Amino acid sequence: MTIVVPDDYPLLLTGTPAEQRLRALGDVMIYTERGANEEEELIRRIAGAEVVVSLRAYSRFSQRVLDASPALRMISIWGTGTDNVDLGACRARGVVVTN
């Protein structure tokens, strides 16, 4: 399973026991620099991901981002709320959204 954390800036997950548990689940890529708030960069970062773990609300999962992510099956949001996710587009594509 390919898991991407597009937005660990400032660091929240990196170097913690939670990162170790996540890495036990599959191939994990964690981005620790700014940029996930830019649509093109977010698309680049999550290309090929089956699961995205979003730590920050500035990563916006729009219809365009979802269309560019055909392997995506789940978006897991660390926090409350899903206002940064196009839930209708996720529902139509069968992408599970959790928080």
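Taking all C-alpha pairs of the chain, those more than 19 Å from each other amount to 33 percent.
For the chain, with the dipole built from +1 on Lys and Arg beta-carbon atoms and -1 on Asp and Glu ones, taken about the Cα centre, which of Ala57, Ile30, Ala18 lies farthest toward the positive end? Of the listed residues, the answer is Ala18.
Scan the chain and report its longest stretch carrying no GluC sites (Glu not before Pro) that are both in a DSSP loop and have at most 14 other Cβ atoms within 10 Å. Answer from the scan: 39-99. Counting Lys and Arg as +1 and Asp and Glu as -1 over every other residue whose Cβ lies under 13 Å from the Cβ of Gly48, the net charge comes to +1. One Cα centroid belongs to the range 41-74, the other to the range 85-99; the line between them spans 11 Å.
In loop segments of the range 1-71 as defined by DSSP, the trypsin sites (Lys or Arg not before Pro) with at most 16 further C-beta atoms inside 10 Å of their C-beta are Arg34.
Throughout, read-outs are computed from the coordinates displayed, never taken from laboratory work. Quick caveat: nothing in here was measured; it's all calculated off a predicted structure. Don't worry about glycine lacking a Cβ; one is built from the backbone with ideal geometry, like all the others, and counts go over all protein chains shown.
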